[in-house]
Amino acid sequence: MFIAKGKLLDNGKPFALDESKIQLPKGATAPPPGSEGFRIVFILNESKETKEQFPAKFHPESSTFEVPGPKGKGIKPGRYKIAITANYVPTSRDADGGDYFGGVFTREKTQISREVKEGEEIIIDVSKPKG
């Protein structure tokens, strides 16, 4: 067990949530506080029956993340699917239910998959989800 660490990129550059891409409710000038709901979740592919899921802690200032696992003791090595969502308050124009990524990286649809090994940094570029 180890604490997995990595970087989230967009086209090779540190990922930053572009608030200009978020459709705001009529009259709003910024997303409501706490509406981002940004989440990165590692889903162990080992077992089809019991897919263990581990949320990552994302640090937007450095575009890095860590996966502390249960009780902060880390996760085991293996192949993981990785879901990334950023929810905001949807407007009536949102067909995707208010996900910044349009639902592309949800637990059900994500194509991001990485082999997670101790001591190796995990690089995820949302512009190249398959690596």
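Here the extension length gained between K71 and E120 equals 15.5 nm, from 0.36 nm per residue of separation less the Cα-Cα distance. Kindly list the residues of segment 53-82 that lie in the label zone of K5, defined by a backbone N under 19 Å from the point 7 Å along the Cα-to-C-beta vector. Correct set: 55-78.
Annotation: peptides 118-124, 62-68, ranked by per-residue average of other Cβ atoms within 10 Å with the highest first, follow the order 62-68, 118-124.
Read-outs: derived from the displayed coordinates by stated rules, not from any lab. Remember, predicted model here, so these are calculated numbers, not experimental data. FYI the Cβ positions are ideal-geometry reconstructions off the backbone, even for glycines, and counts take in every protein chain you see.
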